[in-house]
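One structure is given here, and the rest of the page talks about it.
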Amino acid sequence: MIGSVIAGIASSAVRLATPYLYAAIGETIGQLSGVLNLGVDGIMLMGAYVAFFIVLRTGSLSLGLISAAGIGAVLGLLMAFISVTLKAEQGISGIGLYIFGLGLSTLLFGMTVGHVQTIDGFPDLVIPGLSAIPVIGDIFFHHNILVYVAFALVPIAWFVLNRTPFGLKVRAAGQKPEAADSLGVNVERIRYMTVILGGTLSGVAGASLSIALLNTFQQNLTNGMGFIAVALVYFGGWRTSGVLLGALLFSTVNAIQVWLQVKGVNVPSDFALMMPYVVTILVLTAMAKRRVNTPAALNKPFERGES
């Protein structure tokens, strides 16, 4: 009995980690280049709405996913323009982008859909052979394609950031942009690319909620998940492996609170719902006392010729 409960929670945790992974890995790449994007939650909301609306109208899951990635890229481009070209304060710009995404997704949903509906999202893709492994198969190999891609993205991102010339340029832009510029690296172009990529992944993160995990959309569907994704970047120390561990931690907490409510455990629902956010506060408090390799140029506009 206890074993089945633990396996069920673990399976849910793997599934619920998906949006965190997409958004946090994208944000990690952006922050390593020196740009802080607090608008992740707003981009996720727009990605979730666009994906849901496209699937609702066309029935095409692939088109919905591509559309979510596209709107994420557009909003990432907007954030890059404000932060990199206009050199506005990144924190305030990100909050503005979040409010924009929240308001626009709510407005468009009210105008085009109007009430909560459900769709047929991505089906589970059972991995032959691996899915038959006792316990392990149920936990890891009975999920939809977006779950598998999210976890595959962790080693892919690590390899790109640590073993390719592009990754070296990204890290140089976030640590020593002046030195990178003197060696011929176009710092602004690198930052544009990483922020747009981060926006694209945030859009996909939103789509993973609305057309893969929940198969619906409503106002403020993410409920602050984008901000937790930003916190995961700090929790993971700007390492993809750390982001993975953090995503699994938060998704496990989410899975536990869902299980408590479903099973009718005598715990106030409000307390259960706030559990992930309490964990966020505790983690950030712990991180404040820990030495981490913060990108030296994070949240700092770059001006050519500065030293």
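The values are calculated or read from the model by the stated rules, or taken from the named source; none is laboratory data. Since the structure is predicted, the reported quantities are computational estimates derived from the model, not experimental observations. Here Cβ is always computed from backbone atoms with ideal geometry, including for glycine, and neighbour counts include all displayed protein chains.
Helices (runs of 4 or more DSSP H) fully within segment 152-213 that include at least 2 residues being within 14 Å of the chain's Cα centre (by Cα) and surrounded by fewer than 24 Cβ atoms within 10 Å (Cβ to Cβ): 187-208. Looking at the structure I just gave you, is residue 65 modelled with pLDDT of 95 or more and within 18 Å of residue 217 (Cα to Cα)? Here the answer is yes, as residue 65 does meet what is asked.
Residue-by-condition table, conditions (1) in contact (Cβ under 8 Å) with a residue 12 or more places away in the chain; (2) out of contact with any helix residue (DSSP H, G or I) (no Cβ under 8 Å at 6 or more places or on another chain); (3) closer than 17 Å to residue 238 by Cβ; (4) of a type in the set (Val, Ile, Thr):
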{"site": "115", "(1), (2), (3), (4)": "no, yes, no, no"}
{"site": "126", "(1), (2), (3), (4)": "yes, yes, no, yes"}
{"site": "156", "(1), (2), (3), (4)": "no, yes, yes, yes"}
{"site": "165", "(1), (2), (3), (4)": "no, yes, no, no"}
{"site": "197", "(1), (2), (3), (4)": "yes, no, yes, no"}
{"site": "201", "(1), (2), (3), (4)": "yes, no, yes, no"}
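For beta carbons closer than 6 Å, sequence separation of 6+ or different chains, a first residue in segment 35-58 that is touching a residue at least 40 places away in the same chain (Cβ under 8 Å) and a second that is among the basic types (Lys, Arg) and surrounded by 24 or more Cβ atoms within 10 Å (Cβ to Cβ), the qualifying pairs are 35/191. Consider segment 103-149 and keep the residues that are among the β-branched types (Val, Ile, Thr) and part of a loop (DSSP other than H, G, I, E, B). The one that is surrounded by the most Cβ atoms within 10 Å (Cβ to Cβ) is 119. I'd like to know if segment 60-69 contains one or more residues that are of a type in the set (A, V, I, L, M, F, W, C), more than 17 Å from the chain's Cα centre (by Cα), buried (at least 24 other Cβ atoms within 10 Å of the Cβ) and over 17 Å from residue 230 (Cβ atoms). No: zero hits. Look at (1) touching a residue at least 12 places away in the same chain (Cβ under 8 Å); (2) touching a helix residue (DSSP H, G or I) at 6+ places or on another chain (Cβ under 6 Å); (3) under 17 Å from residue 120 (Cα atoms) and you find that residue 77 fails only one, number (3). Listed conditions (1) within 14 Å of residue 33 (Cβ to Cβ); (2) of a type in the set (A, V, I, L, M, F, W, C); (3) in contact (Cβ under 8 Å) with a residue 60 or more places away in the chain are all met by residue 139, apart from (1). Within the set 73, 68, 48, the sole residue that is among the small types (Gly, Ala, Ser) and farther than 22 Å from residue 192 by Cα turns out to be 48.
Note on segment 220-294: enclosed helices (runs of 4 or more DSSP H) holding 2 or more residues that are at pLDDT 90 or above and surrounded by 17 or more Cβ atoms within 10 Å (Cβ to Cβ) are 225-235, 240-262. Looking across 121, 174, 103, one residue alone is touching a residue at least 24 places away in the same chain (Cβ under 8 Å), of a type outside the set (A, V, I, L, M) and within 20 Å of residue 205 (Cα to Cα). It is 121.
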